[in-house]
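Comments concern the structure below.
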Amino acid sequence: PLGGGVNGSNGRKGIDIIGRNTFRMPRTVNVDLRLSKRVRLGDRYSVEALAEAFNLFNHQNVTGITNTAYRVGGTATAPTLVVNPPFGSVSNSNSNFAYTSRQIQIGFRFFF
């Protein structure tokens, strides 16, 4: 039976002229902003108004890409490399808490 790898010998599963780790994910962009203003009310009291925005520019942060460029196909006597067309396409984005879509919150604090 045909083993794994390019030549069927269960060796390295990559093409030799393409080095390891040459494929990179798109960069991550995450801009958070916080604005606040404190106003004193006499000597003991103050009020603070604040606004926070997370992922301010609502950038799509890619967290998953189809990274299989090819597969070994054919028969045991004539193995071939078959190209995987969706290679490099986005399979997942904004999937964890740090890279969610834009969120804005407004708040007030009273200090005494």
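General remarks:
- Peptides 48-54, 23-29 ordered by average Cβ neighbours within 10 Å, highest first: 48-54, 23-29
- Candidates per trypsin sites (Lys or Arg not before Pro) in the stretch 34-112, loop by DSSP, up to 16 other Cβ within 10 Å: R44, R102
- Å² per residue, accessible surface of the stretch 33-111 at 1.4 Å: 73
- Stretched out straight at 0.36 nm per residue, the stretch from L35 to F110 would grow longer than its current Cα-Cα span by 25.4 nm.
- Förster radius 22 Å - calculated FRET efficiency between N96 and T22, Cβ distance, rounded to 0.05: 0.30
The values are calculated or read from the model by the stated rules, or taken from the named source; none is laboratory data. These numbers come from a predicted model, not from an experiment. Cβ: placed from backbone, ideal geometry, glycine included. Neighbour counts: every protein chain shown. When the accessible area is computed, the model is the full protein with side chains, heavy atoms only, and any ligands, DNA or RNA have been set aside. Shrake-Rupley method; radii C 1.70, N 1.55, O 1.52, S 1.80 Å.
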